[in-house]
Amino acid sequence: SHAIPAVERSTLYLDDNQPFSVKNDFTISFQIYIRANEADYGSILHLKTDKDQLIRFSFVAGEQNHAPALMLNDEIIIIDKPIELEKWISVSLNLRQKDNVIEITYDKKKISSTFHLQETNNVTITFGQMLGYQADVAPFNLRNIKIKQDSKLTREWKLWKHNDNICYDEKEGAIARAIQPLWLIDNHIEWKPISKITTSNKVGIVFDARCALFYVVSSQSVKVLDEDGTLKKEIAIRGGYPAV
């Protein structure tokens, strides 16, 4: 997202960028987690129809703060719901072809709009950065993507396992292909060094799980490191003996 250059931002193609058929009723649902370390602004979801119509879900500039919005080609429809950070939020987008209606539900807030869909046969679906659309990407984590076609669940990508840059759905083994992803699960299944300390004395190490801090205790000092191994504070020891 905003933390890296545009060319390095992440993309997720559903069904390996192949189109989904749209007959009567089509729904995509998913969960997002908005990170707090960047501006809550930018693209999240893109649907492109076979008639070159664009349906997007994005965070846009509102009257006072950024706001979630449904974007239908050049029209922007603000969803009257604040963007909450650091919590999982459920979103669903429903296309009702016969009624020419698009309905979106964001964090239990529902809005709908008329949109010409009767000649639409299929849509391609992209999350994050869309090729040819040079817009910012919102800082979000993504999980539990589901596709329903005429009320039948046809795809379910949990995004909790991956094979290189590919995830397979639970129904058909269909591919969701990521470009330049960061898989959060890798932080929990792969060992990685965070700090190296050279000392001639015995060292004790304690971890505070509530604050994700390491305390490295020697006879001279107590060093406080964060989860990335960055030294946050060093406390000098004036005397006494360390407890085991």
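The values are calculated or read from the model by the stated rules, or taken from the named source; none is laboratory data. Just so it is clear, the structure is predicted and the values come from calculations on it, not from any experiment. A quick note on method: Cβ atoms are made from the backbone with ideal geometry, for glycine too, and the neighbour counts reach across all protein chains shown. Note: accessible area is taken over every heavy atom of the protein model, side chains too, but ligands, DNA and RNA are not part of it. Shrake-Rupley method; radii C 1.70, N 1.55, O 1.52, S 1.80 Å.
Summary of values
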| item | result |
| --- | --- |
| Residue in the range 190-201 that is open to solvent by 100 Å² or more (accessible area, probe 1.4 Å), of a type outside the set (Phe, Trp, Tyr), within 30 Å of residue 156 (Cβ to Cβ) and out of contact with any helix residue (DSSP H, G or I) (no Cβ under 9 Å at 6 or more places or on another chain) present | yes |
| Pick from the range 190-244, criterion assigned to a loop (DSSP other than H, G, I, E, B) and among the acidic types (Asp, Glu), ranking: farthest from residue 161 (Cα to Cα) | 226 |
| Top-ranked residue of the range 127-148 - restricted to ones that are under 12 Å from residue 6 (Cβ atoms) and not acidic (Asp, Glu), ranked as surrounded by the fewest Cβ atoms within 10 Å (Cβ to Cβ) | 134 |
| Some residue of the range 147-162 being touching a residue at least 40 places away in the same chain (Cβ under 8 Å), touching a Ser or Thr at 6+ places or on another chain (Cβ under 8 Å) and of a type in the set (Phe, Trp, Tyr) | no |
| Where residue 226 falls short, out of the listed (1) charged (D, E, K, R); (2) open to solvent by less than 70 Å² (accessible area, probe 1.4 Å); (3) under 30 Å from residue 93 (Cα atoms) | (3) |
| Filtered residues of the range 163-183 (kept if open to solvent by less than 80 Å² (accessible area, probe 1.4 Å) and free of Cβ contacts under 8 Å to residues at least 12 places away in the same chain) | 167, 173 |
| Some residue of the range 45-53 being closer than 15 Å to residue 138 by Cβ and either outside any strand (DSSP E or B) or open to solvent by less than 20 Å² (accessible area, probe 1.4 Å) (or both) | yes |
| Long-range neighbours under 7 Å by Cβ, at least six apart or interchain, first residue over 13 Å from residue 221 (Cα atoms) and among the small types (Gly, Ala, Ser) within the range 184-207, second in a loop (DSSP other than H, G, I, E, B) and open to solvent by less than 90 Å² (accessible area, probe 1.4 Å) | 195/229 |
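For (1) on the phi < 0 side of the Ramachandran plot; (2) in contact with a Pro (Cβ under 8 Å, 6 or more places away or on another chain), each residue gets a yes or a no:
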position: 2; (1), (2): yes, yes
position: 5; (1), (2): yes, no
position: 18; (1), (2): yes, no
position: 22; (1), (2): yes, no
position: 48; (1), (2): yes, no
position: 52; (1), (2): no, no
